[in-house]
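J.: Please read through the structure below; I'll follow up with questions.
The values are calculated or read from the model by the stated rules, or taken from the named source; none is laboratory data. Not measured: the values here are computed from a predicted model. Heads up, the Cβs are rebuilt from the backbone with ideal geometry, glycines too, and the neighbour counts pull from every protein chain shown. Each accessible area value is taken on the protein alone, full model and side chains, heavy atoms only, with ligands, DNA and RNA left out. Shrake-Rupley method; radii C 1.70, N 1.55, O 1.52, S 1.80 Å.
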Amino acid sequence: MLNCCLDLEEVKETGITLKDFECLAHCQGLSVDLKYCKEGNSSLEDFREAVEKACVEKIDINNNSDEKLDVLVVSYSRKLLGQTGSGHFSPLAAYDAESDSVLILDTARFKYGAHWAKLSLVYEAMIPIDPDTGKSRGYALLSFTPHRKINNNEESLQPMSMIFRSKMSKHPIRRKYKEYLTSLGNDNNEITWHQVAAYWTKKADGSDSSPWEILEPLSLPHDGEEKDMVEKIRLLLAELLNARDISNTCCRTRNHKTCVSSYDAMYIIYLASISQERRLEIVGNVASSVSASQLTIDQLLKEAELIATAIETSDQTTF
């Protein structure tokens, strides 16, 4: 999944920025509350509250709770902590209120390992400007609901795409599509299926285009719950397409039967191109008529959200 935002080999050479980290988290199906410490959107007290939420408030992930599991990751300058090196990412594992200190699980364990640091010092270490972005460093509060109950039955929402792979190398194509959406001059709520379909069927020079230019279909799972979920998503997509009187056919890519057709892909790109509110309305109206489960609806909306994030960040991430 790393290739949805950045190429692994490039990361090894250049590292990542805080915005890149946010994109990667979204690609894994996580919710992200991103804060820059010198941009006026996070004070020392705000940071302390985030630390307490992630490190003090606890939930039992084995009790089928629908509470969110929070993890806090900081992007900071090692120099302000008296360490060698420059920018670095690490999660915080614990908070000691008496000493007002946090436990940093240093991801470079060979270098420093887990160690305690004053919370205020860690905050100060996130203020210096990152030369790659021109912004301060900061932190990301990641959250995910590990369990969800639907009709008194335990379900687990997949945290990542089950039907597509979206590679970083496709950023230039996604960026052009984003520019096209902007050129329409419409509010996101007013972008139509026909406008999206027109872009992905014909280019300005008259040549054919394809949704596979920004998406790579995954092979259909052989069995188990994942296969059942993919089939339910396809059925829901078929109903969404039928509601627009669009015929749908299965496609083959690289001699493997894929999870979705080109029309399926195009429709999910359409959902990714409109607002979350409009997206929920369209899917909800059709889903209610065919009695689709809430879990199927949520997973389809997650698929669209992941693509929406990739499109939105196509001109923001570094590569």
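J.: Which pairs, out of 35/232; 79/135; 167/232; 53/302; 12/35, put more than 27 Å between their alpha-carbon atoms?
T.: Beyond 27 Å between Cα atoms: 35/232.
J.: How charged is the neighbourhood of residue 84? Take every other residue with its Cβ under 14 Å from the Cβ of residue 84, and add Lys/Arg as +1 and Asp/Glu as -1.
T.: Local net charge: +2.
J.: Roughly how much of residue 89 is accessible, in Å² to the nearest 10, using a 1.4 Å probe?
T.: 40 Å²
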